[in-house]
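The values are calculated or read from the model by the stated rules, or taken from the named source; none is laboratory data. Remember, it's a predicted structure, so these values are computed and weren't measured experimentally. Cβ atoms come from the backbone with ideal geometry, glycine included; neighbour counts cover every protein chain shown. Please note that ligands, DNA and RNA were not included when accessible areas were found on the heavy atoms of the full protein model with its side chains. Shrake-Rupley method; radii C 1.70, N 1.55, O 1.52, S 1.80 Å.
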Amino acid sequence: MKKTIAVFLRRGSQWDPELPVREQAYWDEHARFMDALFEAGTVILGGPFDDGSGSMVILMAESAEAARAIFREDPWERQDVLVAGEVKEWTIFLDARSKAH
């Protein structure tokens, strides 16, 4: 049974703080990777923090370790641009996304 997993991504050694997110090295490859996960229904929510410190992705996976394995295939992880830090199973008690405007 798939679980909801929160993945906190942090800047790697190849992150360029002078560039916006979409101008980072390997952006196109990373975007294709994430888009494929989104289209498959694996990624539910994702995006960068406004303070530039990293990103968070909410996805469906069998376990936290399975989520880590997914992100090991991300071109940004492979190139040390943005890497998975904390990965936690998340129990959602309240979800108003369908009501949000």
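Number of residues in segment 53-67 that are free of Cβ contacts under 8 Å to residues at least 40 places away in the same chain and either more than 22 Å from MET1 (Cα to Cα) or of a type in the set (Lys, Arg) (or both): the value is 0. So, ILE58, is that one open to solvent by less than 30 Å² (accessible area, probe 1.4 Å) and β-branched (Val, Ile, Thr) or not? Yes; evaluated as a whole, the condition is true for this residue.
Between PHE93, PHE71, PHE49, the distinction of being closer than 18 Å to LYS2 by Cβ and without any contact (Cβ under 8 Å) to a residue 24 or more places away in the chain belongs to PHE93 only.
Here is a yes/no grid of residues against (1) among the charged types (D, E, K, R); (2) open to solvent by less than 40 Å² (accessible area, probe 1.4 Å):
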site	(1), (2)
PHE8	no, no
PRO20	no, no
ALA31	no, yes
ASP35	yes, no
THR42	no, yes
SER53	no, no
ALA67	no, yes
PHE71	no, yes
LEU82	no, yes
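Screening the candidates ALA25, ALA31, ALA40, ALA36 for the property of being touching a residue at least 40 places away in the same chain (Cβ under 8 Å) and not acidic (Asp, Glu) yields one hit, ALA25. Just so you know, in segment 10-30 the residues that are touching a helix residue (DSSP H, G or I) at 6+ places or on another chain (Cβ under 7 Å) and of a type outside the set (Asp, Glu) include one that is farthest from MET56 (Cα to Cα), and it is TYR26.
Regarding ARG78, is this residue modelled with pLDDT of 95 or more, open to solvent by 100 Å² or more (accessible area, probe 1.4 Å) and of a type in the set (D, E, K, R)? Answer is yes for this residue. If we scan segment 4-19, do we find a residue that is among the polar types (S, T, N, Q), within 23 Å of THR91 (Cβ to Cβ) and within 11 Å of the chain's Cα centre (by Cα)? No, the conditions are met nowhere in segment 4-19. Just so you know, in segment 13-38 the residues that are assigned to a helix (DSSP H, G or I) and of a type in the set (A, V, I, L, M, F, W, C) include one that is nearest to GLU73 (Cα to Cα), and it is PHE33.
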